[in-house]
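Q: Below is the structure I would like to discuss, written out as structure tokens.
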Amino acid sequence: MPAENNPLKDTESKRIKALREYNILDTGPEAGFDDLTTLASEICGTPIALVSLIDADRQFFKSRLGLDVSETSRKASFCAHAILQPDLMVVPDALADDRFAANPLVTGNPKIRFYAGSPLFTSDGYGLGTLCVIDTQPRTLTAGQKKALQALARQAMAQLELRRTLEQMKLEAQRKEKLIAELEETIRPTAKK
């Protein structure tokens, strides 16, 4: 099938476009997201929790707890798999999972053994990333922990929506200020006559 007629490629380009509309990639830490990773780590009892956003070739960590890097390759990303799921993706033991056993994040640092990620979906159904928890030991989550992780992911998406709305309001205010300045420039010469 030619690339231009590939529905998966078309969907991916729309997903990337949707992600970029949030203007969040490469931005600094924000308390609202950091609070969610702290809660996810505490509730699930994991040393690592992330708000991960999946770009074209990388995953960017908007918030990270227990991990020093701010991004990784998309090819190595567990979250890139999770955004294709309709719900929570749990990998109890990455070494026992064919998708991840040879992954450099499993065989090398941070030595991921357990992963659980709840996708962050837009209202149009595009998976932007995940709220995820990671451990260096195989494990499972209780039903309550899974439910809490999903609830926190909904709150992460609400934070994204709020942030996007505020950005749009700022841009609209700037547009109006520019329009007012242009109108004032147009009126001034007329008023002097």
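Q: Under a no-solvent Debye model with one identical scatterer per Cα of the chain, what's log10 I(q)/I(0) at q = 0.13 Å⁻¹?
A: With no solvent term, the Cα-only Debye profile gives -0.69.
Q: Here's something else I'd like to know. In degrees, nearest 10, range 0 to 90: what is the angle between the Cα axis of helix 143-192 and the longest Cα principal axis of the chain?
A: 20 degrees
Q: Continuing with this model, one more query. Could you run the Karplus curve 6.51 cos²θ - 1.76 cosθ + 1.60 with θ = phi - 60° over segment 89-103 and give me ³J(HN,Hα) per residue in whole Hz, x for Gly and Pro?
A: Rounded to whole hertz, the list is 10, 10, 10, x, 8, 4, 5, 9, 10, 4, 5, 10, 4, 9, 4.
Q: Dimensions of segment 22-115 along principal axes (Cα, Å, largest first)?
A: That works out to 35, 31, 28 Å along the principal axes.
Q: Over the chain, what is the mean sequence separation of C-alpha contacts under 8 Å (at least six apart), divided by residue count, expressed as relative contact order in percent?
A: Details: 299 pairs, mean separation 38.5, N = 193.
Relative contact order here is 20 percent.
Q: Let me know the whole percent of all Cα-Cα pairs from segment 59-104 that are separated by more than 13 Å.
A: Working: 644 of 1035 pairs.
When all Cα pairs of segment 59-104 are counted, 62 percent exceed 13 Å.
Q: Next question, about the same structure. Dipole of the chain, Cα-centred, from +1 at each Lys and Arg C-beta and -1 at each Asp and Glu C-beta, to the nearest 20 debye?
A: Numbers: 26 positive and 26 negative charges, 67 e Å.
Roughly 320 debye, rounded to the nearest 20.
Q: Which FRET efficiency value, to the nearest 0.05, is calculated for ALA56 and LYS176 with the Förster distance at 41 angstrom and r the Cβ-Cβ distance?
A: On the way: r = 33 Å, r/R0 = 0.81.
E(calc), rounded to 0.05, equals 0.80.
Q: ASP87: net charge of surrounding residues, Cβ under 14 Å, Lys/Arg +1, Asp/Glu -1, itself excluded? Display every interim value, and only then the final one.
A: On the way: positive: LYS146, LYS147, ARG154; negative: none.
With Lys, Arg at +1 and Asp, Glu at -1, the neighbours total +3.
Read-outs: derived from the displayed coordinates by stated rules, not from any lab. Bear in mind that the values here come from a model prediction, so they are computed numbers and not experimental data. When we count neighbours, we look across all protein chains shown, and the Cβ atoms used for this are built from the backbone with ideal geometry, even at glycine.
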